[in-house]
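The values are calculated or read from the model by the stated rules, or taken from the named source; none is laboratory data. For clarity, every value in this text was computed on a predicted model and none was experimentally measured. Neighbour counts run over all protein chains shown; Cβ positions are idealised from the backbone, glycine included. Only protein heavy atoms, including side chains, enter the accessible area calculation; ligands, DNA and RNA are left aside. Shrake-Rupley method; radii C 1.70, N 1.55, O 1.52, S 1.80 Å.
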Amino acid sequence: MNVGDRFPQFVLMDENGEEFDSRALEHIRYVIYFYPKDGTSGCTKEALDFSSLYPKFMLRNIPVIGVSKDSFTSHHKFKEKNSLKVKLLSDPEHDLLERVGVWGTKMMYGKEVQGTIRSTFIVGREGMIEAAWKGVKVDGHAEKVLEKAILLTKTQ
């Protein structure tokens, strides 16, 4: 998916085992990021970075949502252990991951594997992708997303 594409609707379980329907986000700009696995060093750093900036996103009414194929119980433990502020959604069948185009072949420790390609999207109030980052490097990424979100907020 790219800038200008309509982000697909989805219904996934959150970290509390409750159904989360993307229709709740209609007419709200939001950040949705896709990450490989709870508890790994890069994914933990990314979640902590987004959580530390969460108040700045929310000042602009921009929720931040993380998605991985991990179970909601894994998400719950991950969120509790790290005091994360972002909502975490579980996509164990990687349905949304595939529809968004962030599930695929990647290199991991010199081997080709199928998995989540770390990616982030800002979805606008009308459901269209306003910004996209694919193959994300974690360091400084959350700050770049916040900067872009602020710019988008100022222009609309």
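Things to note:
- Measuring nothing but protein heavy atoms, the accessible surface of the chain at 1.4 Å probe radius is 52 percent carbon and sulfur.
- Per residue, the accessible area of the range 1-148 comes to 51 Å², computed with a 1.4 Å probe over protein heavy atoms only.
- A cut-off of 5 Å between modelled amide H atoms, ignoring neighbours fewer than 5 places along the same chain, links residue 20 with 12, 13, 14.
- Each distinct pair of alpha carbons in the chain adds a 1/r term; the inverse of their mean, the Kirkwood radius, is 15.5 Å.
- Straight-line cross-link reach from residue 81 at under 25 Å between alpha-carbon atoms covers these lysines, not counting any fewer than eight positions away in the same chain: 37, 45, 56, 69, 137.
- Here the chain carries DSSP beta bridges of which approximately 75% are antiparallel, counting only pairs with both residues inside.
- Taking amide H as placed 1.01 Å from N in the peptide plane, the amide H of residue 136 sits under 5 Å from that of 118, 119, each at least 5 places away or on another chain.
- Taken as Cα centroids, the range 1-66 and the range 100-156 sit 10 Å apart, rounded to the nearest whole angstrom.
- Helical runs assigned H by DSSP (4 residues or longer) give the chain a calculated mean residue ellipticity at 222 nm of -10500 deg cm²/dmol, each run adding -39500 (n - 2.57) before division by the residue total.
- Between residue 28 and residue 73, the modelled labels are 2.9 nm apart [label points 7 Å from Cα along Cα→Cβ].
- Between the helical axis of 141-155 and the longest alpha-carbon principal axis of the chain there is an angle of about 20 degrees.
- Interchain or long-range residues, amide H under 5 Å from residue 29's placed H: 125
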